[in-house]
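Presented below is the structure to which this report refers.
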């Protein structure tokens, strides 16, 4: 449950710096050339996060394959796409749960922050699943003890009191596990909200960058237009000067 494995599937070298940065976080990273997951040894009891840096395969086909691979359903997946491709993929009717889209080119700093927060959320999800399983087994044990108590098979009052203490202990343990599970669930939800806020900030920054780029292009167009006017005016002035000089010579 403590182990986190990053699976990085790529068919290009553009993500080399990103791979090095992920390795620098101390995470286990398995690099796979191309989209070849069929023979990957995915351990379901561990936290697995998949990053798809695939350019040669149609994103629609990739998403279709991911939705059909039962081994990947419960794990977080990042898919690098162009903005136009993201719009096309989100229109598909496939299961897009636990699938995040990253706009190319991916900002290394922002992605590492997103990855770290995602790992925290995934860890708490695993803890919640573990506690839920433990609580289920505790409830079964508690119900078994209650069944024995109802049958009144004790040979003495002392034996009965001792058994009741065991029942109280199990009951209290179930209550504590429930409280802990609720607290972790609430904390995980807060972390997810924080994660969503961060994604919104990243999207806002991307939109701001686009806006600035467009403003810069517009500014260049204005400058070019002004230069054209100046050049035209200079040419007109030069022509007018030639006419005046010609008249003076006459």
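Specify which of the listed residues (50, 111) is surrounded by 19 or more Cβ atoms within 10 Å (Cβ to Cβ) and not assigned by TED's automatic domain parsing to the domain that holds residue 16.
One residue alone meets the criteria, 111.
From the residues in region 8-26 that are closer than 23 Å to residue 126 by Cα and in contact with a helix residue (DSSP H, G or I) (Cβ under 8 Å, 6 or more places away or on another chain), which one is surrounded by the fewest Cβ atoms within 10 Å (Cβ to Cβ)?
By that ranking, first place goes to 25.
Would you check if there is a residue in region 120-131 being closer than 20 Å to residue 6 by Cα, touching a strand residue (DSSP E or B) at 6+ places or on another chain (Cβ under 8 Å) and at pLDDT 85 or above? Explain how you work it out, then say what you get.
Kept after step one, since they are closer than 20 Å to residue 6 by Cα, are these residues of region 120-131: 120-127.
Adding the requirement that they be touching a strand residue (DSSP E or B) at 6+ places or on another chain (Cβ under 8 Å) leaves 122-123, 126.
Those still in the list that are at pLDDT 85 or above too: none.
No, region 120-131 contains no residue that is closer than 20 Å to residue 6 by Cα, touching a strand residue (DSSP E or B) at 6+ places or on another chain (Cβ under 8 Å) and at pLDDT 85 or above.
Residue 71 - would you say it is surrounded by fewer than 15 Cβ atoms within 10 Å (Cβ to Cβ), closer than 30 Å to residue 168 by Cα and modelled with pLDDT of 70 or more?
Numbers: surrounded by fewer than 15 Cβ atoms within 10 Å (Cβ to Cβ): yes; closer than 30 Å to residue 168 by Cα: no; modelled with pLDDT of 70 or more: yes.
So residue 71 does not fit the description; no.
Being modelled with pLDDT of 90 or more, more than 25 Å from residue 130 (Cα to Cα) and either out of contact with any helix residue (DSSP H, G or I) (no Cβ under 7 Å at 6 or more places or on another chain) or surrounded by 13 or more Cβ atoms within 10 Å (Cβ to Cβ) (or both): is that true of residue 94 here?
Judged against the criteria, residue 94 is not a match.
Considering region 58-104 alone, what residues qualify as being in contact with a strand residue (DSSP E or B) (Cβ under 9 Å, 6 or more places away or on another chain), under 24 Å from residue 13 (Cβ atoms) and outside any strand (DSSP E or B)?
Hits for region 58-104 are 59, 62, 63, 66, 82, 83, 85, 86, 89, 104.
So, in region 1-55, exactly how many residues are touching a residue at least 12 places away in the same chain (Cβ under 8 Å) and outside any loop (DSSP other than H, G, I, E, B)?
25
The values are calculated or read from the model by the stated rules, or taken from the named source; none is laboratory data. Since this is a predicted model, take the numbers as computed values, not measurements. Cβ atoms come from the backbone with ideal geometry, glycine included; neighbour counts cover every protein chain shown.
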